[in-house]
Amino acid sequence: MAIKDILIWPDPELAKVSEEVETIDDEIRALAEDLLETMYAADGVGLAAPQIGIHKRMVVVDIYGSEEDRPSGEEPLVIINPKFVHKEGELTWEEGCLSVPGEVGKVTRAGKVTMTYTDLDGNEQTIEAEGLKAVALQHECDHLDGKLFVEYLSRLKRNMIKKRMLKLKAEREEEDAAA
Ligand code: NI
């Protein structure tokens, strides 16, 4: 288990389409642990494998953000090869993303979704979600197709965010060089 570096947008690695997971082996189980650990360390409610540079169709979601805040009986979701089978309604949410730190923007998505996926034990699961959970599932699954929430924003807002991210990345590179 390890906390991984999260790629910052814009990064060509974030724009790639991820591949289906063929078999659930030790590598995939280790990836699930890394994704969860990295998400919690960054105070996120979701993380997709491509955000740590692994182009596999796998995401983790925990809308409670931590074990302490999660009601008993609720588990963090480890989602492999997700597919939306139903979407309805509309919901506008102010979204953020661990690959776009410190930024938020309003995005309108389906308000209610039904999704099928494979769990870590290889079982097919169906999940119905609404509210933040529906938003998080759609946001994370977008990452698997190389899409980030900034693409739903106006060009003006997206360009402003891009400038700040490029500045942030330059600052981090300087810090790394100095370290
Ligand atoms: Ni994201």
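Since every read-out is calculated from the coordinates, none of them should be taken as a lab result. Everything numeric here is computed off the predicted structure, so don't read it as measured data. Please note: Cβ atoms are built from the backbone with ideal geometry, for glycine as well, and neighbour counts cover all protein chains shown.
Across the options P76, A2, Q138, the greatest Cα extent toward the positive end of the charge dipole of the chain (unit charges at beta carbon of Lys, Arg, Asp, Glu) belongs to Q138. Among L36, L77, a tally of other beta-carbon atoms within 10 Å of each Cβ gives an order, fewest to most, of L36, L77.
May I ask you to derive the FRET efficiency for E175 and E88 from their Cβ-Cβ distance with R0 = 35 Å, giving the value to the nearest 0.05?
The calculated FRET efficiency here is 0.15.
The equivalent ellipsoid of region 1-151 has semi-axes of 20, 19, 16 Å, largest first, where each one is the square root of 5 times an eigenvalue of the Cα gyration tensor. Remark: for residue pairs K83/K167; K87/K167; K87/K169; K4/K133; K133/K157; K112/K167, the C-alpha separation exceeds 32 Å in K83/K167; K87/K167; K87/K169; K112/K167. Evaluated with a Cβ-only charge set (Lys, Arg +1; Asp, Glu -1), region 12-178 carries a dipole of roughly 1280 debye about its Cα centre, given to the nearest 20. Taking the fewest neighbouring Cβ atoms within 10 Å as the starting point, the ordered list for L120, L144 is L120, L144. For the chain, adding -39500 (n - 2.57) for each run of n ≥ 4 DSSP H residues and dividing by the number of residues yields -10000 deg cm²/dmol at 222 nm.
Database remark: amide H of E95 closer than 5 angstrom to the amide H of G105, K106, V107 (H placed geometrically; neighbours at sequence offset of 5 or more, or on other chains; Pro and chain starts carry no H). As a proxy for reagent exposure, T126, T38 were ordered by neighbouring Cβ count within 10 angstrom, fewest first; the result is T126, T38.
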